[in-house]
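Peer 1: First the structure, which I've put down as structure tokens, then a few questions once you've had a look.
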Amino acid sequence: MADPRRPRMTVSCQLHRSLQKTIRSLIIIIVIIGLLVHNAKASWLQRPLVHVFILAGDDNVEGYASLSHLHELATQPATKDRYQHWLMKDDGVTWKSRDDVFVYYDHERGKPFRHGNLTVKGFGAHANLFGPEVEFGHVLGEFFEEPVLLIKSAWSGRTLQKDFRPPLGKEPGGFQWFRLLSNIKDAVKHLDTIIGPEYKHARYDIKGLLWWHGYSDLEDVVANRNYKDNLTILLTFMRTKIKSGLPILVGELGGQGTVNVMKKELDFREMQKSVVNLARMRRITTYVPTAPYVVQETDPEAAERDTYQHYSGRADTMMAIGEAMAIAMAEQIMDGVKIARDEMDRAEITTKYRSSHQEVAFLSIAILIGTLAYIVYAIRRGNLPEPGFQRLETVLWGPSRREKRKRRKNRRNNGGEIEIT
């Protein structure tokens, strides 16, 4: 005969205990899986990291700034302090290269892609020309401790209306659109060839994209009229195909500068601004003015260096634009924190960037741990009367003190039988 003073286990009580064991087992399994994932992630993080930036567009990304003009600026007493960082001091003729910034440039279809350390020669539209990659890469090379890779995908005379247009509905995409995506895949696949064999299995992070384009569409009536819609589609597809939330810079069509500018170029600039200012674009897209950096030529012979569509081929203009674009990109990466040029020092800025994000992470974790600790303490003390919290407390940790006292009282009143609902 069963002892009436001994509690009898009902079916609901057995199910409750079984559920407790199941949940505790699941918690142990989740912890083990978490440790395994952590170890795998730690191993992955030990691989070297490369920061990748994409430079896309038409003529001006391709690069039509004069190398001979840059040499003049780097050797003249009035300007050499600003430009001689690219010139070897011992001979004044040889150009320097960076050992932490690299370029991939698929310039001519059917020929091997150009690649190597960033320097002023070899990555422009022609042998004696250069583009925004020079100062853009130089400034970002100071910003990051890890290597930087610039992927250039720029071809003169290509329109957004046709060549760079992504596939939309039944309309096929333009050839340059697919070539752009192909270049990105090829570049990150050949990191060992571009940077070095130790980067064969390196990690890479596509940090941002520069889009500087427009003169190919400005003169075409249909392309000009549709440029706003086409640019919106392009930026949306870039974030869909390349990386969600990708920071993008839109370079201003500013070849005519700020004085005596044609109305159609001013209207074109307004179209560019309107796309950047769209609600869904504003936080992760930046409009970079280029017109303020245009130098109005006074020397008739110098004015013949190139056309206004190529910013007159001036090296000082191209260097200033590349620097401005790099600073704008760094500010995007740092969530809008304004940076002065003299602050673009590797040790200072990377420390600010990392410490600010670490502070936010640690603060979030501390708040989460504090909240969970309070909930655990409260439900263990029985201070949360809501049924949901009582159920959570019962399933995970068993009954609280108040519930135990209540059950002991029920056993005395009901002859030892336990009822769990």
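The values are calculated or read from the model by the stated rules, or taken from the named source; none is laboratory data. Note that the coordinates shown come from a computational prediction; the quantities given were computed from them, not determined experimentally. Ideal geometry is used to build each Cβ from the backbone, glycine not excepted, and the neighbour counts take in all protein chains shown.
Peer 1: May I ask you to list the residues in the range 116-125 that are under 17 Å from Trp155 (Cα atoms) and either in contact (Cβ under 8 Å) with a residue 40 or more places away in the chain or in contact with a helix residue (DSSP H, G or I) (Cβ under 9 Å, 6 or more places away or on another chain) (or both)?
Peer 2: Of all residues in the range 116-125, those under 17 Å from Trp155 (Cα atoms) come to 122-125.
Scanning the range 116-125 gives Phe123, Gly124, Ala125.
Peer 1: For the range 21-135, please list each of the helices (runs of 4 or more DSSP H) lying entirely inside it that holds at least 2 residues being among the charged types (D, E, K, R) and either assigned by TED's automatic domain parsing to the domain that holds Met329 or at pLDDT 90 or above (or both). Working first, answer last.
Peer 2: Values: elements: 59-62, 67-75, 80-83.
Passing ranges, in order: 59-62, 80-83.
Peer 1: Next question, about the same structure. I need the full set of residues from the range 136-156 which are assigned to a strand (DSSP E or B) and not small (Gly, Ala, Ser), in order please. Write out each step before concluding.
Peer 2: First pass over the range 136-156, keeping only residues assigned to a strand (DSSP E or B): 148-154.
Once the filter is applied, which keeps residues that are assigned to a strand (DSSP E or B) and not small (Gly, Ala, Ser), the range 136-156 yields Val148, Leu149, Leu150, Ile151, Lys152.
Peer 1: Still on this structure: Looking at the range 241-269 only, could you name the residues that are over 25 Å from the mean Cα position of the chain (by Cα) and more than 20 Å from Met325 (Cβ to Cβ)?
Peer 2: If the condition is that a residue be over 25 Å from the mean Cα position of the chain (by Cα) and more than 20 Å from Met325 (Cβ to Cβ), then Val259, Asn260, Val261, Met262, Lys263, Lys264, Leu266, Asp267 are the ones that fit.
Peer 1: Okay, next question. Just to be sure before I move on: is Glu146 surrounded by 24 or more Cβ atoms within 10 Å (Cβ to Cβ) and of a type in the set (Asp, Glu) in the structure I sent?
Peer 2: Answer is no for this residue.
Peer 1: Find all pairs meeting these conditions: Cβ atoms under 7 angstrom apart; at least six residues apart or on different chains; first residue within the range 330-343 and surrounded by 15 or more Cβ atoms within 10 Å (Cβ to Cβ); second residue among the aromatic types (Phe, Trp, Tyr) and at pLDDT below 70.
Peer 2: Filtered contacts from the range 330-343: Met334/Tyr353.
Peer 1: Given the range 187-294, what helices (runs of 4 or more DSSP H) lie entirely inside it while holding 2 or more residues that are over 30 Å from Leu49 (Cβ atoms) and without any contact (Cβ under 8 Å) to a residue 60 or more places away in the chain? Talk me through it step by step, then tell me what you get.
Peer 2: On the way: elements: 191-194, 215-218, 221-225, 227-241, 263-276.
Answer list for the range 187-294: 215-218, 221-225, 227-241, 263-276.
Peer 1: Just checking, which of Gly122, Gly141 is under 24 Å from the mean Cα position of the chain (by Cα) and not charged (D, E, K, R)? Working first, answer last.
Peer 2: Numbers: Gly122 fails: under 24 Å from the mean Cα position of the chain (by Cα).
None of the others qualify; the one that does is Gly141.
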